[in-house]
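**Q** Once you've had a glance at the structure underneath, I'll fire off some questions.
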Amino acid sequence: MPTFYLTTAIDYVNSRPHLGTAYEKIAADVIARYKRLAGFDTHFVMGNDEHSQNVFRRARELGEEPLAYCDRMAVEFTEVWRSLDVSLDDFIRTTEPRHRTGVQELVRRMTAAGDIYEGHYEGWYCVSCEAFKQEKDLVEGLCPIHRTRPDWLREKNYFFRLSKYRDALLAHFEAHPDFLVPEIRRNEILRLLESGLDDISVSRAGQAWGIAMPEDPASVIYVWVDALINYITAVGYGTDPAAFERHWPADLHVIGKDITRFHCVIWPAMLMSAGLALPRQVFGHGWLHLKGEKMSKSLGTIVDPLEAAQRFGPDPLRLYLTKEITFGSDGDFTWDRYEDRYNVDLANNLGNLVSRVGAMAEKYRDGVVRPGGASDGRLAETAREAAGSYAHQMDAFALERGAAAAFRIVDAANEYIAGTEPWALARDASHADRLSQVLFDVAESVRVAAVLLLPIIPRSAAEILRRVGHTGDVQDVRLRDADWRGQGERRILKGDALWPRIVAAEGARNEVPVSRPAIVAGGAGRQERQRNHPVEQQNGSGDAASAAPAAAQEAAPAAPAPAAGNAQITIDDVMKLDLRVAKVLTAEKVPNSRKLVKLSVDVGSEQRTLVAGIAEAYEPDTLVGRTIVMVFNLKPAKLMGIESNGMVLAASPDGGTPTLVGFEGEVPPGTRVR
Ligand code: MSP
């Protein structure tokens, strides 16, 4: 079986992980899971970088021993990774004995090669970067990344003859055009190499926190040199030669674009000096931004990954980060967009499809679908094209395109349902075979899409596979299982709505309130998150069929299911909505909510209370006396503890503020809108 050794950067532990650092781990996990799916014996290693001065200072600030502090943070970090379903095989900490042994061994070999010499360093040092800076690196005297003034150092240091390796590095880049991807990063490093390399300092004097230089206990090894070596100590360098032989060289280091110089200049030169093989490839991903700024603790622009995962469970977050951000480029996270994508990709599209397949299979075929005769082959063709493109894109780490390919199958299946109208076929016994085939083809599409989505949304994809009749261990599923299987019998299971359509109280449009997704994160903090997010479950059962009528998850196939994408609905569907004119009697902002407003309205025959997400666009006073349109037959739901009996209609542009639907002239309350 081919092997694949994959690593991420190891994190500084002076603060908890944020969504930017989590982004890297999730993306790498998607790759690791994809490689397993593709049949590789995959070894996926992550870890913590503990010998940083910032870590030492943070521990002291908290009155803790540095090692005890690091022990505590290791628990916190691994807990976050576990909650995000990151499937790491090993977690290395730089304070571990296996690491210390390997670091000292490597430095000894570099020394034996004549590449380490004693000298004096005088210059700038940014503790947040843990990097020596030259005057030209600073912007107005500040570190451009952390916007802080670096320290001025004068100390005895050991130096590494990095300059000696410039030509060898250039030759390596030339011989291995894919050593560093994407190309933009490769070009940056090539320019740097072409401009020449200075030797670098590889030790710090007068510090106790770190790994001692082998022959000089008064100096500790520079934290970056210490940290980079994790990639070999994690697989036994200096402690377990057989394991090292098995795993090294790494197939892929996944790192952020800010640290490509360390990984593609210093690290390979260190390995060359020690006579070890170089990693095969480095992928320098972009930054996750929040409001246009790099997500960073020191800049104060962070989102807690657990909070983001607890919103809907880890899978919607994983999907967002994989599908919405071009892997290799910078990308944005906003709560509004995250919620929009949840509704579009999961609630309306994939979740709706799974619900419809379950409901229709049960209603028309007692839960068992079989081919019914000649298939028109349309879905099979889409699935084949998409699966081929998926593998191609994932092999190139174009994760967003891989995800998009899988969703092409989902889109096609939803459109196919709308086009073939199984509910209409069911009304005519002469179409029985055709109906069987349609149901089978749609179920098979769902199965293929779920196989492809396993690396991205592992929990949900496993559940979807179970619902479309997969019975084996999901760990054994391989990419070849995404081949279209036009034969056989499938037992289709109905289940709770995987992703009920939501409207978050702080999330904008006045739609159906949230109910809990069927698949959510376990782990600590979920209760807390639910308290913080002022949305309440619509129904305790989580049963899609009893959710609000407008919920796209509703899948009762007696009437056509709600349409996804551009699929069409019939007049019967439209007539299910009881829309009425109402007049606003009172309006007040809902406490602790930016977007919600509580309205009492006159609907002719009665008064109703509504909660609407329009507070950012309308001052409550301006609403009183206004004529609006509401959904009259919407099942009541609680928002921020207030029962809302209906829904206000508004034009709600993506990312914009809502505009209420209204009339040119006077229309009496209670008038039906149709
Ligand atoms: N400890 C070093 C790495 C040593 S690897 C031998 C380090 N740590 S870090 O905690 O600052 O960053 C860890 C990883 O997270 C890096 O790859 C970094 O680029 C990445 N990211 C930090 N902030 C990020 C974003 N806002 N967005 C995407 N990745 C981010 O550097």
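**Q** Compute the length gained on full extension between D376 and L62: take 0.36 nm times their separation in residues and subtract their Cα-Cα distance, giving the result in nm to one decimal.
**A** 106.3 nm
**Q** Quick check: with the 1.4 Å probe, what order do H392, H285 take by accessible area, largest first?
**A** Listed by decreasing accessible area, they come as H392, H285.
**Q** How about K576: which aspartates and glutamates have a C-alpha closer than 17 Å to its C-alpha, ignoring those fewer than 8 places off in the same chain?
**A** E511, E554
**Q** Continuing with this model, one more query. Give the calculated FRET efficiency between R149 and D258 to the nearest 0.05, with a Förster radius of 22 Å applied to their Cβ-Cβ distance.
**A** Efficiency at R0 = 22 Å is approximately 0.70.
**Q** Turning to a different aspect of this structure: Excluding residues on the same chain fewer than 8 positions from K589, give the lysines whose Cα lies under 17 Å from its Cα.
**A** K598, K638
**Q** Highest first, please rank the peptides 474-481, 227-234 by the mean number of other Cβ atoms sitting within 10 Å of their residues.
**A** Ranked from most to least packed, the peptides come out as 227-234, 474-481.
**Q** Moving on. Could you calculate, for the chain, the ratio of the Cα radius of gyration to the Kirkwood radius, expressed as Rg to Rh?
**A** Result: Rg/Rh = 1.04.
**Q** Sticking with the crude label model, points 7 Å out along Cα→Cβ, report the distance from E135 to D178 in nm, one decimal please.
**A** Placing both labels 7 Å along Cα→Cβ, they lie 4.4 nm apart.
**Q** Would you mind getting me the FRET efficiency between A171 and Q207? Use the beta-carbon distance for r and R0 = 45 Å, nearest 0.05.
**A** Once rounded, the FRET efficiency stands at 0.80.
**Q** Please give every one of the aspartates and glutamates within straight-line cross-link reach of K294, meaning a C-alpha to C-alpha distance under 19 Å, and leave out same-chain neighbours fewer than 8 residues apart.
**A** Straight-distance partners of K294: D11, E24, E130, D137, D258, D304, E307, E324, D330, D332, D336.
**Q** Follow-up question, since we're still on this one. How many angstrom separate the Cα center of the range 360-424 from the Cα center of the range 160-216?
**A** 48 Å
**Q** Given the rule -39500 (n - 2.57) for each run of at least 4 DSSP H residues, summed and divided by the residues of the chain, what is its mean residue ellipticity at 222 nm, to the nearest 500 deg cm²/dmol?
**A** The helix-only estimate for the chain comes to -11000 deg cm²/dmol at 222 nm.
**Q** Considering only DSSP beta bridges whose two residues both sit in the chain, what percent are antiparallel, to the nearest 5?
**A** In the chain, approximately 70 percent of DSSP beta bridges are antiparallel ones.
**Q** Roughly what would the spin-label model give for E588 and L493, points 7 Å off Cα along C-beta, in nm?
**A** It is 4.8 nm.
**Q** Same structure again: Using the heavy atoms of the protein chains and a 1.4 angstrom probe, tell me the accessible area per residue for the chain in square angstrom.
**A** Result: 41 Å² per residue.
**Q** For the range 334-491, report the convex hull volume of the alpha-carbon atoms normalised per residue, in Å³, without decimals.
**A** 108 Å³
**Q** What Kirkwood radius, in Å to one decimal, follows from the Cα pairs of the range 46-204?
**A** 18.8 Å
**Q** May I pose another question? For N157, enumerate residues with amide H under 5 Å from its amide H, sequence gap 5+ or separate chain, H modeled in the peptide plane.
**A** G119, H120, Y121
**Q** Shifting gears a bit: Against the 2.2 N^0.38 Å scaling, with N counting residues, where does the range 196-306 land? I'd like the Cα-based Rg ratio to two decimal places.
**A** For the range 196-306, the normalised Cα radius of gyration comes out at 1.27.
**Q** What is the spin-label model distance, in nm, from D332 to D395 if the labels are put 7 Å beyond Cα along the C-beta direction?
**A** The answer from the label model is 3.5 nm.
**Q** Could you sort out which of K133/K164; K25/K257; K257/K595; K133/K291; K25/K494 sit more than 25 Å apart by Cα distance in this structure?
**A** K257/K595; K133/K291; K25/K494
**Q** Same structure, new question: What size of dipole, in debye to the nearest 20, comes out for the chain about its Cα centre when the only charges are +1 on Lys and Arg C-beta atoms and -1 on Asp and Glu C-beta atoms?
**A** Here the chain has a charge dipole of around 920 debye.
**Q** Using a 10 Å cut-off on Cβ atoms, rank the peptides 607-619, 42-54, 634-646, 308-320 from the highest mean neighbour count down.
**A** So the peptides 607-619, 42-54, 634-646, 308-320, ranked by packing, come out 308-320, 42-54, 607-619, 634-646.
**Q** What number, in percent, do you get for the relative contact order of the chain if the mean sequence gap of Cα pairs under 8 Å and at least 6 apart is divided by its residue count?
**A** Relative contact order of the chain: 12 percent.
The values are calculated or read from the model by the stated rules, or taken from the named source; none is laboratory data. Note that the coordinates shown come from a computational prediction; the quantities given were computed from them, not determined experimentally. No Cβ is skipped: glycine too gets one built from the backbone with ideal geometry, and neighbour counts run over all protein chains shown. Quick note on the areas: whole protein, heavy atoms, side chains included, nothing else; ligands and nucleic acids left out. Shrake-Rupley method; radii C 1.70, N 1.55, O 1.52, S 1.80 Å.
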